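Below is one structure; the comments refer to it alone.
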Amino acid sequence: MSDLEQQAGPSSDNKLWKEKWKENKKAHSKRERVEDEARKEKKKKRRKRKRFEEPSESVVHDGDNDNNDIDHNQLGRDADKEQRTRKKKEKKEKKHKTLKSDGDDDHMLEQRKQDGASEKKTQQSNLKRYFPFEYQHIVAPMVGASELAFRLLCRKYGATLAYTPMMSSTQFVHEASALDKSDPNQTIANSNICEFQTIPQDRPLVAHFSANNPQHFAQAAKLVEPVCDAIDLNLGCPQRTAYLGHFGSYLLGDEDRQ
């Protein structure tokens, strides 16, 4: 008999031998799977023991003492609860320390407030030297909106200072020269030159001009001086019309314009 026939078994019992070999292989595979599952389960238990090294008696299941297992989910919940409690306690202590330090500095804070109030009063008194009128609530110049009627409406609801719309100083001087000076009804205040009108109740008032000619600007300022409290020159209008007309932001230098 050859070596191959000896390994394969007798030729008459070849079929029976193959069936037995298959059964042994299946049993071996099944045994390996069971052993693998057992090893995995042991690893899981080992990890849980490492995580909870000191289990509490309150988390042990009821039953025989020999077969009691640890409720790891309950242990996890207890650990999380303990951590949250510790964080709350630390936060409370930190807040208490902050309040205590703030309490110690109450005198310093009060002193700072008093110093700030006195400094503010000093600044206001210094500003009153240059601005002898109230300027807390200001109506800024708006084209097509800052006319007399709108200014009076704003003053009714708390505005303390108002601007006229932007007026061209050159146009203002040109139209003012055409007024009939012999007629007492034709004055700068009611002339409607460049939409400029005002009444005694419309004070304090700032006349807002655009200009690129110093002489015309000075003449326009001289004309409105009796009926306003301040003169303002526009140096910031960014419109292309202003740039082409050489007024507004055109008058700024390159660094200021940027």
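What lysines could a cross-link reach from K18, if we take a straight Cα to Cα line under 24 Å and drop same-chain neighbours fewer than 8 places away?
K26, K30
Please work out how much length the chain gains when fully extended from D229 to A117, using 0.36 nm per residue of separation minus the C-alpha to C-alpha distance, in nm with one decimal.
Details: separation 112, 0.36 × 112 = 40.32 nm, distance 2.86 nm.
Full extension from D229 to A117 adds 37.5 nm.
Go through H216, H28 and list them by solvent-accessible area, largest first, probe radius 1.4 Å.
Working: H216 55, H28 85 Å².
Result, largest first: H28, H216.
With a 1.4 Å probe and all protein chains kept in place, how much accessible area does E23 have, in Å² rounded to the nearest 10?
Result for E23: roughly 120 Å² accessible.
What lysines does K156 reach when the alpha-carbon gap must be under 22 Å and sequence neighbours fewer than 8 apart in one chain are set aside?
Partners found: none.
At a Cα cut-off below 27 Å, give the lysines reachable from K91, other chains included and same-chain residues fewer than 8 away excluded.
List returned: K81, K100.
When the chain is fully extended, how far beyond the present Cα-Cα distance does E23 get from E41, taking 0.36 nm per residue of separation? All intermediate terms of the calculation are to be shown ahead of the outcome.
Working: separation 18, 0.36 × 18 = 6.48 nm, distance 2.71 nm.
Gain on extension, E23 to E41, equals 3.8 nm.
Going by accessible area, probe 1.4 Å, with all protein chains left in place, what is the ranking of I193, I138, largest first? Mind dumping the intermediate values first?
Numbers: I193 5, I138 95 Å².
Largest to smallest exposure gives the sequence I138, I193.
Using a 1.4 angstrom probe on heavy atoms only, work out the carbon and sulfur share of the accessible area of segment 198-258 in %.
Values: 1950 of 3740 Å².
Ligands and nucleic acids excluded, carbon and sulfur reach 52 percent.
Write out the trypsin sites (Lys or Arg not before Pro) in segment 142-199 meeting two conditions: DSSP loop, and at most 14 other Cβ atoms within 10 Å of their Cβ.
On the way: sites: R151, R155, K156, K181; in loops: K181.
When the trypsin sites (Lys or Arg not before Pro) of segment 142-199 are filtered for loop state and at most 14 Cβ neighbours within 10 Å, K181 remain.
Would you kindly find the accessible area of T170, with a 1.4 Å probe and non-protein molecules such as ligands, DNA and RNA excluded, rounding to the nearest 10 Å²?
So the heavy atoms of T170 present about 60 Å² to solvent.
Once the piece of chain linking N212 and Y250 is laid out straight, how much longer is it, given 0.36 nm per residue of separation minus the C-alpha distance between them?
Values: separation 38, 0.36 × 38 = 13.68 nm, distance 0.92 nm.
Stretched fully, the N212-Y250 segment lengthens by 12.8 nm.
The values are calculated or read from the model by the stated rules, or taken from the named source; none is laboratory data. Only a predicted model underlies this, so the values are computations on that prediction, with no experimental measurement involved. Note that each Cβ is placed from the backbone with ideal geometry, even for glycine, and that neighbours are counted across all protein chains shown. The protein model used for the area step is the full one, side chains on, heavy atoms only, and it has no ligands, DNA or RNA in it. Shrake-Rupley method; radii C 1.70, N 1.55, O 1.52, S 1.80 Å.
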